[in-house]
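Here's the structure, in structure tokens; my notes come after.
The numbers here are math on the coordinates, done by the rules we state, and not lab data. What you see is a predicted model; the values in this text were computed from it and never measured. Because the Cβ atoms are built from the backbone with ideal geometry, glycine has one as well, and the counts that use them run over all protein chains shown.
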Amino acid sequence: MPKGTISILGLGAMGSAMAERLRVQGFTTTVWNRTAAKARPHVEAGSKAAATVAEAAAASDVVIVVLLDHASVREHLEPAAADLKGKVVVNLTTTTPNESRATAAWAADHGITYLDGAIMAVPEMIGTPHARLLYAGDENAFAIAKPALETFGAAEFEGADAGLASLKDMALLTAMYQMFGGLLQATAMMRTVGVPAEQTAKDVIAWLGAVLPLAEEFATVVDGGEYDPAPGQSVDFTRAAMASLITASREQGVSADFLEPVKKHLDELTATGRGTADWISVVEQLRIR
Ligand SMILES: NC(=O)c1ccc[n+]([C@@H]2O[C@H](COP(=O)([O-])OP(=O)(O)OC[C@H]3O[C@@H](n4cnc5c(N)ncnc54)[C@H](OP(=O)(O)O)[C@@H]3O)[C@@H](O)[C@H]2O)c1
């Protein structure tokens, strides 16, 4: 028995995976894509194709948007505002927190119930226990769409501020890219003596696995706000270590561009008399307003 009607705007890798998952889970799906040919396999598998966004909006109470970026979302939702009125729109397109907030404000002005989302998964993970999706905005929209959203993976509501899911997404991606930046730096250093990337990857995985649990100890210190005297490594100690890392990199002919900003923050802490504080007080330096 059909579970509900859902329209999906966007049939790229992610939108296609979601449309398929909803179909398999018994939802009646209507799909729309800018390049109409991409709807064909979905129609063959049981979805209805909408020729326009307005048609897709009319077909379902819940409209899931998985387009490229903020500009493409606004380009296609704005002309269909009247058709989307009274509908639940779940925008899973990656956008910045302020872009999410702007779309939420636009939706509110047009009587559209808006939920913003962020996908912590790749398309292959959709529908597996490894997929985690974050949502923010209208909690009633979350409740209405939840049976469909839970087919994708864990569905977590972050709060009424429509920028919150995006903010967490961006924060987690920042942590990921900084970590992989470190891996690439280590790989470049070891390749100067002929060590293949495969070996360094193994070494880095083992090393980071051993030290990553320290993150929880760091969090306790940051939340407590007491950095001096240092519960862990001091600014002065870490500054000396960082200077060695920079020198070692350069001596191997490898750029230290990824490391220098951290050293700069540590230098500032020492210069302002905070050399004995815990080095993780750098987190306070990062806030620029
Ligand atoms: N793939 C991932 O691993 C992943 C993970 C997390 C989040 N996301 C997010 O999910 C969203 C979709 O990603 P994807 O992997 O499905 O990307 P994709 O495979 O490149 O597909 C992009 C989709 O956006 C459409 N599109 C692009 N520009 C458009 C425009 N100006 N007007 C209308 N439609 C337009 C494309 O339509 P056409 O077919 O007509 O080109 C296609 O449906 C992105 O925001 C992405 O950041 C993806």
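For Lys85 and Leu212, the difference between the fully extended length at 0.36 nm per residue and the C-alpha to C-alpha distance is 41.1 nm. Compared with the dominant principal axis of the Cα atoms in the chain, helix 139-149 is inclined by about 80°.
Which of the peptides 5-15, 31-41 is most tightly packed, and how do the rest follow, judged by the mean count of other Cβ atoms within 10 Å per residue?
Numbers: 5-15: 23.8, 31-41: 17.2.
In descending order of packing, they fall as 5-15, 31-41.
Per residue, the convex hull spanned by the alpha carbons of region 177-252 comes to 98 Å³.
Measuring from a point 7 Å past the Cα of His130 along Cα-to-C-beta, which residues in region 141-174 have an amide N at less than 11 Å? Zone members listed by number: none at all.
Kirkwood-based Rg over Rh for region 136-280 (C-alpha set), two decimals? Write out the running numbers ahead of the final one.
Working: Rg = 20.1 Å, Rh = 18.5 Å.
Here the Rg-to-Rh quotient is 1.09.
Where the alpha-carbon atoms of region 213-286 are placed on the principal axes, they occupy 41, 30, 19 Å, in descending order.
A Stokes-Einstein calculation at 4 °C with viscosity 1.567 mPa s, built on the Kirkwood radius of the chain over Cα pairs, returns a diffusion coefficient of 59 µm²/s. Taking 7 Å steps out from each Cα toward its Cβ at Arg40 and Glu251 produces label points 6.2 nm apart. Model label sites at Asp61 and Thr174, defined 7 Å from Cα along the beta-carbon direction, differ in position by 3.9 nm. Scanning residues 5 or more positions from Val31 or on other chains, those with amide H under 5 Å from its amide H are Ile8, Lys48, Ala49, Ala50, with H placed 1.01 Å from N in the peptide plane. For Gly153, the residues whose amide H sits under 5 Å from its own are Gly127, ignoring neighbours fewer than 5 places away on the same chain, with H placed 1.01 Å from N. A Gaussian network model of the chain, with springs between Cα atoms under 10 Å, assigns the largest mean-square fluctuation among Val43, Val66, Val262 to Val262.
Relative contact order of the chain: 12 percent, from C-alpha pairs under 8 Å at least 6 residues apart in sequence. Using the empirical formula 2.2 N^0.38 Å as the baseline, the Cα radius of gyration of region 5-167 reaches a ratio of 0.91. Here the simple spin-label model places points 7 Å from the Cα toward Cβ, and for Gln199 and Ala108 these points are separated by 5.8 nm.
For the chain, the longest principal axis of the C-alpha atoms and the axis of helix 97-109 are separated by about 30°.
So for region 98-205, averaging the separation of alpha carbon pairs under 8 Å that are six or more residues apart and normalising by length, what relative contact order in percent results?
Details: 137 pairs, mean separation 24.4, N = 108.
Contact order relative to length: 23 percent.
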